[in-house]
């Protein structure tokens, strides 16, 4: 007789990596797959800056091989505070907890703040862990609409409609994954006003792509909404091009001690899991204090790839896409999907993979209500590789649309 598992664990899906399984089978058969599925710059032609790599060696030589303090290395905490303060987020070192990436930060926040029946408002579509971790504790992720024709900007009226007495938190991902939307200050302020009006919830702001903007950097939510309790998340993965190091953090900017119990719950979890990789923490401190020359180069390359992707995708009959303001994602719409014989966007993605060997991620994996009928791509590959992928995609659509 099988020992039963937690049904919430068996319900977990992670579309971004789930689609890799059929792609791996095709690769084992000798096919070359063009991969537009995973947001890892290091899988393409981007690399961690040399001075940050050197800091890992430095950490080894400085004998940082033992356990680090549970909140984080003091040197990293001070650099995080300096960086957040420079963006207008008024925090101190005791407000910061270093985590195994932003995903663990989200876990700590949800596990400390949510009880069965609580509700969390998340962007629709949304990065899958926001859905998964919420359900793991018996809470309900409530997606709020984002307006596709306006560049996937949050629909403030929909957020107002969906807020209720069980709303515990409202999440902002800016710039957004999976759409690449960059939210202006006015939108963030309007969301903060709704949270302040409700009076029982707080803001969770995922700012891992904050410097990956094609215009001005994404505004700090804590700065824009100073009277609303806000937990900010960020890390080394994206702009410092080191996703495999798994170093992130959360910072709590409280108002009137409203998050004191949640803070305690987060800190207790951090102590229970001991600490985060000490060597990579040292390297992250160096990244925050060091030169940022690589950022302009990264964004210049991504801008060219974004422009090419936007043009070529919108030239494909049956595909349309909004121009992202940040990050490195696009979330194209499959126009007339049902009429062309696809019952779901997952069927579309798998057919595209099997027929043209182009790997994308089905949009419903980012939420059924707002993601269905779409697919997500990354614009990280070289321009040559992107051009080939879209040519194959165009052939695929012409074949299916007649």
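Bear in mind these aren't lab numbers, they're just calculated from the coordinates by the rules spelled out. Bear in mind the structure is a predicted one, so any value in this text is a computation, not a measurement. Glycine gets a Cβ as well: all are built from the backbone with ideal geometry, and neighbour counts include every protein chain shown.
Quick look at the values:
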{"read-out": "Rg and Dmax of region 152-303, Cα atoms only, in Å", "value": "16.7, 47"}
{"read-out": "For 370, 31, order by how many other beta-carbon atoms lie within 10 Å, fewest first", "value": "31, 370"}
{"read-out": "For the chain, calculated [θ]222 nm from helices alone, where every DSSP H run of n ≥ 4 adds -39500 (n - 2.57)", "value": "-13000 deg cm²/dmol"}
{"read-out": "Top of 200, 35, 357 by mean-square fluctuation, Gaussian network on the chain, Cα under 10 Å", "value": "200"}
{"read-out": "Neighbour-count ranking [beta-carbon atoms within 10 angstrom, fewest first] of 250, 259, 10, 350", "value": "10, 350, 259, 250"}
{"read-out": "Share, in percent, of DSSP beta bridges within region 51-289 that are antiparallel, nearest 5", "value": "40 percent"}
{"read-out": "Choice from 315, 61, 383 with maximal GNM fluctuation in the chain (Cα, 10 Å cutoff)", "value": "61"}
{"read-out": "Relative contact order of the chain, pairs being alpha-carbon contacts under 8 Å that are 6 or more residues apart, as %", "value": "24 percent"}
{"read-out": "Which of 380, 121 has the fewest Cβ neighbours within 10 Å, and the rest in rising order", "value": "380, 121"}
{"read-out": "Gyration tensor (alpha-carbon) shape descriptor, region 32-150, a/c threshold 1.5", "value": "oblate"}
{"read-out": "Percent antiparallel among DSSP beta bridges (both partners in the chain, rounded to 5)", "value": "50 percent"}
{"read-out": "Estimated inter-spin distance, residue 85 and residue 189, nm [label 7 Å along Cα→Cβ]", "value": "2.6 nm"}
{"read-out": "Among 68, 327, 242: highest mean-square fluctuation, GNM of the chain, C-alpha pairs under 10 Å", "value": "68"}
{"read-out": "FRET efficiency, residue 354 to residue 67 (Cβ-Cβ, R0 60 Å, nearest 0.05)", "value": "0.80"}
{"read-out": "Distance between region 158-175 and region 254-281 - C-alpha centres, whole angstrom", "value": "23 Å"}
{"read-out": "Global geometry of region 39-85, whether rounded, prolate or oblate, following the gyration tensor of its Cα atoms and the 1.5 cut on a/c", "value": "oblate"}
